[in-house]
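Encoded as structure tokens, the structure appears first; notes follow it.
Each value in this text was obtained by applying a stated rule to the coordinates, not by laboratory testing. Fair warning: this is a prediction, and the values are worked out from it, not measured in the lab.
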Amino acid sequence: MKHVWLTVAIILSVFLMTVASVRQSIAQHEVQAKSYISQGLYDEALQEYNRSFTNLSMLKSTIHLFGEFNAFLATVGILFLASGLLIRRRKRLFFQ
């Protein structure tokens, strides 16, 4: 059981670190874009906003992927619980 919790903790920490680094990257691109706008460099500002949008879409896909993974794990867990209950009932029937 300890290994399961360790695995869950590692997966969650990797997910949170990924989200944090992508959010930081988005913020840096937006700050750089605002700096370019104040300098009058509009083409560079558009490129920075495009990079920010790319990182934002990557963040959304990462969150979606993590949600799908959690849904898959929940489904597998429910199937394991159901199979465990069925096995226990069959043992009671055979060993009575």
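What do you get for the angle between helix 2-39 and the principal long axis of the chain? Use alpha-carbon atoms, 0 to 90 degrees, nearest ten.
10 degrees
State the percent of C-alpha pairs, over all pairs in the chain, separated by a distance greater than 22 angstrom.
For the chain, the fraction of Cα-Cα distances above 22 Å is 56 percent.
With everything on Cα atoms, drop me the angle between helix 42-94 and the longest principal axis of the chain, reported from 0 to 90° to the nearest 10.
Computed tilt is about 0 degrees.
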